[in-house]
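Some notes on the structure that comes next.
The values are calculated or read from the model by the stated rules, or taken from the named source; none is laboratory data. From a predicted model like this one, the values you see are computed outputs, not experimental measurements. Quick reminder, even Gly has a Cβ in these numbers, built from the backbone with ideal geometry, and neighbours come from all protein chains shown.
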Amino acid sequence: MERLAKLASTGDMTTTTSAPGHPHAHPRLKDVTRAVARRSFCTLATASATNRPHVAGVLYVVEETTLYVSTMCTSRKARNIAENPRVFVCIPVRRLPVGPPSSVQFAATADILAASDGEILRLVDNGVLKAITGHGELELVDGCFLRIRPDRRLHTYGLSLSLRQLIRDPLSAGGAVDLG
């Protein structure tokens, strides 16, 4: 840390990037959406109307490209979304028990749906929300659901690269795909 502070204070600190022509990650949309669909945990970042940030780990289910999260109407994340619907999601994608995890991250718009909302009832009837409603969430008096719709671009880290490539050149591990 002292060395970093000294480099920064003397102006000797530089940012490195890959050499021109060096390959970056080029994930395919189907691989990214499959990685999201195969997971169930993400971190959800929200901010209040006064820009006070909050990050929480949440369980989710996905239908097509929309994530659904069960929570309480009085939770900080729901209160923040009521004030400011812009959120950010980061989904860790562990491929092996060792080495750095890959990830998918994206900006999104979230809204709050009551448990009695027609969309929620349809998803419950079709079994889509089973993984996040199996512990009595539908009976909670203060329960609600967050519907999280990603913006057009999904950013990735490490997807489409072998673990060897990721470890050898982590600066080139970033990629992105656009939703249809």
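Below, the figures for the structure above:
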quantity: Tally of residues being among the hydroxyl-bearing types (Ser, Thr, Tyr) and closer than 12 Å to Ile91 by Cβ across the range 41-65; calculated: 2
quantity: Which listed residue, of Leu146, Leu163, Leu159, Leu129, is loosely packed, with under 15 Cβ neighbours inside 10 Å and within 25 Å of Leu29 (Cβ to Cβ); calculated: Leu163
quantity: Arg79 being touching a residue at least 12 places away in the same chain (Cβ under 8 Å), out of contact with any Pro (no Cβ under 7 Å at 6 or more places or on another chain), within 25 Å of His155 (Cβ to Cβ) and charged (D, E, K, R); calculated: no
quantity: Candidates Thr156, Thr109, filtered to the one that is in contact with a helix residue (DSSP H, G or I) (Cβ under 7 Å, 6 or more places away or on another chain) and modelled with pLDDT of 90 or more; calculated: Thr156
quantity: Residues within the range 71-120 that are surrounded by 14 or more Cβ atoms within 10 Å (Cβ to Cβ) and either out of contact with any strand residue (DSSP E or B) (no Cβ under 9 Å at 6 or more places or on another chain) or aromatic (Phe, Trp, Tyr) (or both), tallied; calculated: 2
quantity: Tabulated pairs, the range 118-142, first in contact (Cβ under 8 Å) with a residue 60 or more places away in the chain, second surrounded by fewer than 10 Cβ atoms within 10 Å (Cβ to Cβ), C-beta under 9 angstrom, 6+ apart or interchain; calculated: Asp142/Thr74
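So that you can scan it fast, the table gives a plain yes or no per residue for (1) part of a helix (DSSP H, G or I); (2) closer than 14 Å to Ser102 by Cβ:
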{"position": "Ala25", "(1), (2)": "no, yes"}
{"position": "Asp31", "(1), (2)": "yes, yes"}
{"position": "Ala35", "(1), (2)": "yes, yes"}
{"position": "Cys42", "(1), (2)": "no, yes"}
{"position": "Ala45", "(1), (2)": "no, no"}
{"position": "Thr50", "(1), (2)": "no, no"}
{"position": "Val55", "(1), (2)": "no, no"}
{"position": "Val62", "(1), (2)": "no, no"}
{"position": "Leu67", "(1), (2)": "no, no"}
